[in-house]
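In what follows, a structure is listed as C-alpha cells, so that the remarks can point back to it.
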Amino acid sequence: MNLRGLELRRIALPLVSPFRTSFGTETARDVLLVRAVGEAAEGWGECVAMSEPLYSSEHVDGAAEVIRRFLLPEVAALAKSGELTVPRLEAALGRIKGHPMAKAAVLTALLDLSLRESGTSFGAYLGAVRPTVPAGVSVGIMSSIPALLDAVEGYQAQGYVRIKLKIEPGWDVDAVRAVRERFGDDLLLQVDANTAYTLADARHLARLDPFDLLLIEQPLPEDDLRGHAALARLIRTPVCLDESITSARAAADAIALGATSVVNVKPGRVGGYLEARRVHDVCAANGVPVWCGGMLETGLGRAANVALAALPNFTLPGDTSASDRYFARDITEPFVLDGGHVAVPTGPGLGVTPDADYLAEITTGTEWLALP
Ligand code: NPQ
Ligand code: MG
C-alpha cells in the first residue's frame, strides 16, 4: 500500500424521517468519512460515531481529533518503514486506548484501499458465504400506537423480513402487544432498549414474555454484564447485547457469564472489521448466533456491513436495511431490497463509490492529512 495521506470529510445527510430512540432523536446523519489516498487508488472508511456521545462515549468531533492527533502518527510510522498493512496498523493502534469508532474508520479506509488495489471484494476478504443477506428494519419510538402500526405495515409491504422496535419505559409492552396482535405470530419481532432499564425493571420486562420476541437488545447499562446475566434468568425473551460488546474478549466474557445468548455485531463499536470477524468467530465457537447491527450508515458503511453479514454465523436478519430506510438519496449507488434481501457487493473493496457531485453538495468540511 502506497499511501499519500488521509482526507477527513464531514457530511450532513438528511434523514427521511426523525429517528427516535431511548437516548434521543436524530433528524440528520452527521458523518465523518475517511478517504485514504494511494498512488493508484483510494479507499473509504465511515466513522459511525454520533454528533453527541449518546450511544457510546465517542462523538464525531472527538473521533476527528483522535484520528489527526493520535492515529495518523501510527499510520505514518508504519508507512515510513514500508510496513503499512491493515493487520499491522490494527496492532499498532492498540497502544491508543479506546476510540474504536475512530480506529475502525481509519482501518476500513486502508482496507478498502488495499482491497481495491488487489481487486478483492470485502465479502471475499472477510469470508462471505452468501450472495445476499436478509434485511431487518429498526423502527423508532413513535408519537402513537396507530403511527407505529402504519410504519410497521409500510416496512412489511416493502419486504423487510424482521421488525425491531425501539423501546423505553412507557413505550414497550403496549407497543409490542399492538404490533403482535395486528401482524400475527409469524412476524419476526424483536426490541431494542439502548440501556433504558435497570434490573429493578425485571418483572416489568417479563411482561414481554408472552409475545415470543426473538430477543431483547441491551436492556441495561453498557457495563452491567452481571445485571444482564441476572435478568436473563428472570425473563424468557433471549437477551442480546449491543453496547456491551466492545471486543471479541467482551463477547467471550458476556457469553461465559450468561449475560447474552445472541450478539449484535457492529464493526465501529469493536474497532473495525477484523475485530468484528473475531466477535463472529468467538460467538460461533460458543454456539451463539450473531446478527449485524446498524448505525444509520451511508452506502459506504452499509456495503461493508452487508459483506460482513454474509459470514456463516450471521444466522439472524440484521439492521442491514435498504438505503431508502434512512436517506432519500444515498451518497453511493443505493442498497435496495429484493425479496427482503440486500445484495452483497462483488466489486473490488467496498464495491461502491460515492457520487462526487452529491458528496460536494452535502460536505460541511474537509481536512487533508498528508503523510509527513
Ligand atoms: C442500535 N441502531 O442498534 C442503533 C442505535 C442508533 C439502527 O437501531 C445516529 C447515528 C442515530 C447512530 C440512532 C439502530 C442513531 C445511531 C440509533 C445509532 O442500537
Ligand atoms: Mg442496539
**Message:** Among the residues that make up segment 208-223, is at least one of them open to solvent by less than 10 Å² (accessible area, probe 1.4 Å), touching an Asp or Glu at 6+ places or on another chain (Cβ under 6 Å) and outside any helix (DSSP H, G or I)?
**Reply:** yes
**Asked** From the set of residues in segment 293-307 that are hydrophobic (A, V, I, L, M, F, W, C) and in contact with a strand residue (DSSP E or B) (Cβ under 6 Å, 6 or more places away or on another chain), which is nearest to ligand 1 (Cβ to nearest atom)?
**Response** Leu296
**Fill in**
Residue pairs qualifying under the 9 Å Cβ cut-off, at least six apart or on distinct chains, with the first in segment 125-148 being within 15 Å of Ser22 (Cα to Cα) and touching a residue at least 24 places away in the same chain (Cβ under 8 Å) and the second being of a type in the set (D, E, K, R) and outside any strand (DSSP E or B), are Ser138/Asp319; Ser138/Arg325; Met142/Asp150
**Message:** Restricting to segment 338-370, name every residue that is open to solvent by 30 Å² or more (accessible area, probe 1.4 Å), touching a residue at least 60 places away in the same chain (Cβ under 8 Å) and of a type in the set (A, V, I, L, M).
**Reply:** Ala343, Ala370
**Request:** Just give me the residues in segment 245-296 being β-branched (Val, Ile, Thr) and more than 28 Å from Leu110 (Cα to Cα), in sequence order.
**Result:** Ile255, Thr260, Val262, Val288
**Subset of segment 163-200 [within 12 Å of ligand 1 (Cβ to nearest atom) and either among the polar types (S, T, N, Q) or open to solvent by less than 10 Å² (accessible area, probe 1.4 Å) (or both)]** = Ile163, Lys164, Leu165, Ile167, Gln190, Val191, Asp192, Ala193, Asn194, Thr195
**Asked** Within segment 210-231, can you find the residues that are over 23 Å from the mean Cα position of the chain (by Cα) and farther than 26 Å from Gly271 by Cβ?
**Response** Pro210, Phe211, Asp212, Ala230, Leu231
**Item:** Cβ pairs under 9 Å, 6+ apart, first in segment 215-243 and away from ligand 2 (no atom under 15 Å from the Cβ), second open to solvent by less than 20 Å² (accessible area, probe 1.4 Å) and aromatic (Phe, Trp, Tyr)
**Value:** Leu231/Tyr197
**Asked** Hey, any hits in segment 268-286 for a residue that's closer than 27 Å to Thr85 by Cα, of a type in the set (Val, Ile, Thr) and surrounded by fewer than 22 Cβ atoms within 10 Å (Cβ to Cβ)?
**Response** yes
**Request:** Being open to solvent by less than 20 Å² (accessible area, probe 1.4 Å) and out of contact with any helix residue (DSSP H, G or I) (no Cβ under 6 Å at 6 or more places or on another chain) is the filter; apply it to segment 134-147 and report the residue that is nearest to ligand 2 (Cβ to nearest atom).
**Result:** Ser138
**Request:** Mind listing whichever residues of segment 309-332 are within 12 Å of ligand 1 (Cβ to nearest atom) and closer than 11 Å to Trp291 by Cβ?
**Result:** Gly318, Asp319, Thr320
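The values are calculated or read from the model by the stated rules, or taken from the named source; none is laboratory data. In this text, all values refer to a predicted model and were calculated from it rather than measured experimentally. Here the Cβ is made from the backbone with ideal geometry for all residues, glycine too, and neighbour counts use every protein chain on show. Just so you know, the surface numbers come from the protein's heavy atoms only, side chains and all, with ligands and any DNA or RNA stripped out. Shrake-Rupley method; radii C 1.70, N 1.55, O 1.52, S 1.80 Å.
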